[in-house]
Amino acid sequence: MSAANPPSDQRGIALITAMLVVFLATFAASDLAYRVQLAINRTAVVLGQRQALYYAIGVEQWAAEILRRDAEDSETDHAQEGWAKPFAELPIEGGKISGYISDQQGRFNLNGLIGEQGVVDETQFERLLTLLRSVGADENVGAAMVDWIDTDENETVDKGNGAESLYYMTLKPPYRAANGPMSHITELRLVKGVDGETFAALEPHLTVLPVATGPEAAGINVNAATVPVLMALSPELGEADAKALRDEAANTAFDSVEGFLAHSAISGLALDAAGLTVASRFFSVHAEVETEYGYARIDSLIERVPDGPVRVIRRELGGPV
C-alpha cells in the first residue's frame, strides 16, 4: 500500500476533523460577534439612560428658572400663569419630553400641624379634621397624624385615637413613630388608621413641606387650593361655595387674602385667615423623558425663597418598571 494513497477511512476522518475545525471556528466567531453586539447594546442602553436622566434634570433646572422669573414679574401665583400650563410633548433627538409644574401650597401641609415649641397648632388641626370629613375619611386618624409628627411619645390631642411607638411596636413588623416632620407623603401610610382607600382619598389634597404653615412660611395658597382644602378653612363652607371659590381663583385669581375673604361665597363665615396666602414658595416639577434607548422620570420639590435662590429640596428619580 502506498503512503501517498491513505485508506478511505483515514481520509474520512481527516475530512470530519477539518469540518469540525471549521464548525468550531465559525461558532467561536459567531459567539464573539454576539458578545460584541451585546456589549454594544448594553453600552447604548446605559448611555441612553444617562442621556434621559440628564434631560430630566435639565427640565428641573428649566422649571426653576421659570419660577424665578415668575417671582420677578408677579406677586401672586395662580393657574393662569405660564408656569402652571403643562407643556406638551417636546420632541428631542430619538425621543420626547413631557411634564408639568404643580403648586404644592394648594394642599394642606401636614408638617404644619405642630407649631412653635412642639405645640399642636389648633387652627391647623381643626382644618385637618374638616378636610378628613370633606373627603369621607375617618376624622379620628387626625389624632394619629399629630402623634406621628410631634416630638414626644405622649398621645397629644385624643387619648383614644392617637398612637405613639407603644402602638406601632405591637405591629408586624414593628416600627416606631417618627416623632418629627414627615419627609414624604407616602409616610402617611405608616400612620394608624390610614389604609389604602384613605390614603387615595387624601393624597391629592395633602403635602409635607419642610417648614410649618404660617404667613411667613408655607401657607395655603387660596389661588391653588383644591375644593376639600378650601372646605377645610371653615366647617361652614359647603362644597358648592368652595367650588365657586376654586373657579374664581382659576379664572381671575385673588390679588390678596383680603380679596379672597371678601368673596360672596365666604364673607360672613367664621374663618381664621392665619396661614393663608396668594403666593407660593413650594412647587413640584414632574417630567418624563423617552429616548431611543432610555427612559427617565423625575419628581422634584422646589423651594423658591423670597428674594433668594430657587433650590431643589427633594428629588425622586425613576425609570422603567
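Rule-based calculations on the coordinates, nothing more; no lab input. None of these values were measured; they are calculated from a predicted model. Heads up, the Cβs are rebuilt from the backbone with ideal geometry, glycines too, and the neighbour counts pull from every protein chain shown.
Within the shell of other residues whose beta carbon sits under 10 angstrom from the beta carbon of Ile97, the net charge comes to -2, with Lys and Arg scored +1 and Asp and Glu -1.
Relative to the longest principal axis of the Cα atoms of the chain, the long axis of helix 239-251 makes an angle of roughly 70 degrees.
Can you tally the net charge around Leu188? Count Lys and Arg as +1, Asp and Glu as -1, for every other residue whose Cβ sits under 14 Å from the Cβ of Leu188.
So the surrounding residues net to -3.
Could you please report the charge total around Met169, scoring K, R as +1 and D, E as -1 over all other residues with beta-carbon less than 13 angstrom from its beta-carbon? Charge balance in the 13 Å sphere: +1.
For Lys243, no aspartates and glutamates have a Cα falling under 17 Å of its own Cα, not counting residues fewer than eight places away in the same chain.
Summary value for region 117-204: 27 percent relative contact order, contacts being C-alpha pairs under 8 angstrom separated by 6+ residues. Where (1) 20.7, 74; (2) 31.4, 125; (3) 30.3, 125 are the candidate values, the label of the one calculated here for Rg and Dmax of the Cα atoms in Å is (3).
Where Rh denotes the Kirkwood radius from the mean inverse Cα pair distance, what is Rg over Rh for region 117-204? Before the final figure, lay out each step's value.
Numbers: Rg = 12.3 Å, Rh = 13.2 Å.
Here the Rg-to-Rh quotient is 0.93.
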